[in-house]
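Structure record follows, encoded as structure tokens.
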Amino acid sequence: MSTDDVHLSWNVIFDIQQLFAYHFMQNAFSAGMLVALMAGVVGYFMVLRGQSFAGHTMSSVGFAGATGVSLLGWSPIFGLLLSCTVAAIGIGFLSDRRHQTAMGNGVAVGTIQTFFLGLGILFIQLSHSYTENIYAVLFGSVLGISDRDVELTIVTTVVTLAGVIAIARPLLFTSIDPDVADARGVPVRLLDYVFSILLGFTVAQSVQVVGVLLIFGLLVTPAAIAVQITASPYLAIGISILLALLFTCIGLSVAYFTPCPVGFLITGLAFGTYILVRLFKFGQIQLLK
Amino acid sequence: MNLISSIYTMLNLDFMGYAFLAGTVVAIMAGLVGYFIILRNLVFATEALGHVTFTGALGAAVLGVDPVFGLFGATTLVAILIGMLGTKVRTNDVVVGTVLAWVLGLGALFLNIYTSQSSGANGTFGVKYLFGSLLGLQAREVQQIAIAGLGVIIVLLAIARPLLFASLDPDVAVVRGVPVGGLNVVFLILVALGLAASVPSVGSLLNSALLITPAAIAQRLVSRPFVALFLSAFLALTFTWLGLTIGFYTSYPISFIISTLAFITYVLVFTWQKLLG
């Protein structure tokens, strides 16, 4: 995405001025930070509940939704929201009762995912869309974030965060010990559905910034690192948000000055940090022995 | 309308013959391997391996090597790595997810480098690996699919009994002297080869479709392992043949038809069983 007239210099202030010189970069940063904020929060619960596969599936499902509604000429975000909600309900239906959390059920998640990917392929063929459009949905296109997209992202971020905050305590309870929560009268199944839909919402936003394939990196890795660092839930959520924001900002900035794609930078940074934290913890344990 | 003569006409077309040949091998292989994937709780790990095929193929293309090497090489390498990690790590969905996210990011980078290296005509290269095409197979690709696929089927059938034992009750299997660790690695290599072999036909996004859904249906219908194993292969084959035939006469994409047929069957079986209680 680097533009030819942009060069990195030793003058940091000048560099930052350059970074925000174009309107599209301002939009990219606003949307990216909002997505990171949501991904940090929702990702923590996803990791805690062992639903990474479900999160990954939501992104594949989102692909079908985005390509589907673009056939009708609507904004991809509506398709994403719709398809993710339908998939969340479908996975819940297809799960056995003996699985406490429906989304942790690999088979139900896997079958839904392959079905929606098949649908996505159908929509691509029907729309005769160019390869660039497919790549934009899969890998994101930071250049194309309009003011309206940013506004939409603000609205959905507020809704998603409000939803998470509203159910945070019971959700934490069912995530950590579903059996006891069930016995205490917490509506485990309902929370399952609500959380899956929130997960879908988060994935849905991210399409413009990192694309459906890579939002998953922003969801899972910062949260996985946070869980490694601390056992306290609220602290972990904080760390997860902070890391997601950090990776996104660095990713966007570096991508502006180099030809590297944003998605690669974000996932690469996150994965590198994860490995370092794991190695550090491993070393600590060895020393304690 | 003469059914037999229309089938004859369909198969007489070169590309349909290729598609049926490759589809048959891939389906039988996927049905057999898929049964063990579900039994061993490796659905997510398989999904992750499936995406390694994309990154591997594009990585090789960036280096100027034949993508086939990247496809098989990278996937097998990752499979061996996963196999060497313990069961706890292998089924830990956070670890699998973290690695998967990184692999996808790497794929994005390779795609970016590759498309900026080569001129416009190759823009569809990545899409070809993402989605595959049963109808666009070359003779050479069919050959590769057939060799790799038959190899996987033969080895899997040869180790089926001990593998089943090790999957159902690893602790007892170890005591009885079954090489559980070795079987783990061999099985994951088979999964990797199977995934890599099916990429040209169904693509790296959907190469787990035939692996998971038919096996899931078979497991719901019968509980006897070997019956379920062969039922899974039979179902995968049926979906593929139906998908190819319907795809030939309509213009819908074949992978869409196959995954939809499989999904509808799964939902019907599931609902029927739920209603019966």
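The values are calculated or read from the model by the stated rules, or taken from the named source; none is laboratory data. These numbers were taken from a predicted model, which means no experiment stands behind them. Heads up, the Cβs are rebuilt from the backbone with ideal geometry, glycines too, and the neighbour counts pull from every protein chain shown.
Return the residues of segment B:199-215 that are more than 28 Å from B:Ala108 (Cβ to Cβ) and in contact with a Phe, Trp or Tyr (Cβ under 6 Å, 6 or more places away or on another chain); say none if nothing qualifies. Give the derivation first.
Our first condition is that a residue be more than 28 Å from B:Ala108 (Cβ to Cβ); within segment B:199-215, this holds for B:214-215.
If the condition is that a residue be more than 28 Å from B:Ala108 (Cβ to Cβ) and in contact with a Phe, Trp or Tyr (Cβ under 6 Å, 6 or more places away or on another chain), then B:Ala215 is the only one that fits.
Looking only at segment B:199-228, residues that are part of a helix (DSSP H, G or I) and more than 28 Å from B:Phe54 (Cα to Cα) come to 8 in all.
From the list A:Ser70, A:Ser59, A:Ser83, the lone residue that is touching a Pro at 6+ places or on another chain (Cβ under 9 Å), touching a residue at least 12 places away in the same chain (Cβ under 8 Å) and among the polar types (S, T, N, Q) is A:Ser70.
State whether one or more residues within segment A:182-197 are within 14 Å of chain B (Cβ to nearest Cβ), within 18 Å of the chain's Cα centre (by Cα) and within 22 Å of A:Leu48 (Cβ to Cβ). Steps first, please.
Let us first name the residues in segment A:182-197 that are within 14 Å of chain B (Cβ to nearest Cβ), namely none.
Looking for residues that are within 14 Å of chain B (Cβ to nearest Cβ), within 18 Å of the chain's Cα centre (by Cα) and within 22 Å of A:Leu48 (Cβ to Cβ), one finds none in segment A:182-197, hence no.
Return the residues of segment A:68-93 that are farther than 15 Å from A:Leu199 by Cβ, at pLDDT 80 or above and crowded, with 22+ Cβ neighbours inside 10 Å; say none if nothing qualifies. Within segment A:68-93, A:Gly68, A:Gly79 qualify. Given B:Ala262, B:Ala233, which one is among the small types (Gly, Ala, Ser) and more than 10 Å from chain A (Cβ to nearest Cβ)? Just a single option satisfies the conditions, and that option is B:Ala233. Restricting the search to helices (runs of 4 or more DSSP H) fully inside segment B:1-114 and requiring at least 3 residues that are of a type outside the set (Asp, Glu) and buried (at least 19 other Cβ atoms within 10 Å of the Cβ) gives B:14-39, B:43-63, B:67-84.
Give me a count of the residues in segment A:22-55 that are touching a Ser or Thr at 6+ places or on another chain (Cβ under 6 Å) and hydroxyl-bearing (Ser, Thr, Tyr). Within segment A:22-55, residues that are touching a Ser or Thr at 6+ places or on another chain (Cβ under 6 Å) and hydroxyl-bearing (Ser, Thr, Tyr) number 1.
A:Lys289 meets all of the listed conditions (1) more than 8 Å from chain B (Cβ to nearest Cβ); (2) touching a residue at least 12 places away in the same chain (Cβ under 8 Å) but one, namely (2). Taken over segment A:37-54, the criterion of being crowded, with 24+ Cβ neighbours inside 10 Å and facing chain B (nearest Cβ under 7 Å) is satisfied by A:Val47, A:Ser52, A:Phe53. When you check B:Gly107 against the structure, is it more than 7 Å from every other protein chain (Cβ to nearest Cβ) and either modelled with pLDDT of 80 or more or in contact with a helix residue (DSSP H, G or I) (Cβ under 7 Å, 6 or more places away or on another chain) (or both), yes or no? So B:Gly107 passes the test.
Can you confirm whether B:Gly247 is of a type in the set (Gly, Ala, Ser), surrounded by fewer than 23 Cβ atoms within 10 Å (Cβ to Cβ) and within 14 Å of another protein chain (Cβ to nearest Cβ)? Spell out the reasoning first.
On the way: of a type in the set (Gly, Ala, Ser): yes; surrounded by fewer than 23 Cβ atoms within 10 Å (Cβ to Cβ): yes; within 14 Å of another protein chain (Cβ to nearest Cβ): yes.
Yes; evaluated as a whole, the condition is true for this residue.
Being over 28 Å from B:Thr55 (Cβ atoms), outside any helix (DSSP H, G or I) and modelled with pLDDT under 85, is that true of even one residue in segment B:161-169? Among the residues of segment B:161-169, at least one is over 28 Å from B:Thr55 (Cβ atoms), outside any helix (DSSP H, G or I) and modelled with pLDDT under 85, which makes the answer yes. Of everything in segment A:237-275 that's part of a helix (DSSP H, G or I), farther than 15 Å from A:Gly43 by Cβ and hydroxyl-bearing (Ser, Thr, Tyr), which residue is nearest to the other protein chains (Cβ to nearest Cβ)? Out of the qualifying residues, it is A:Tyr256. Scanning segment A:48-64 for residues that are in a helix (DSSP H, G or I) and either closer than 15 Å to A:Val107 by Cβ or within 12 Å of the chain's Cα centre (by Cα) (or both) yields A:Ser52, A:Phe53, A:Ala54, A:Gly55, A:His56, A:Thr57, A:Met58, A:Ser59, A:Ser60, A:Gly62.
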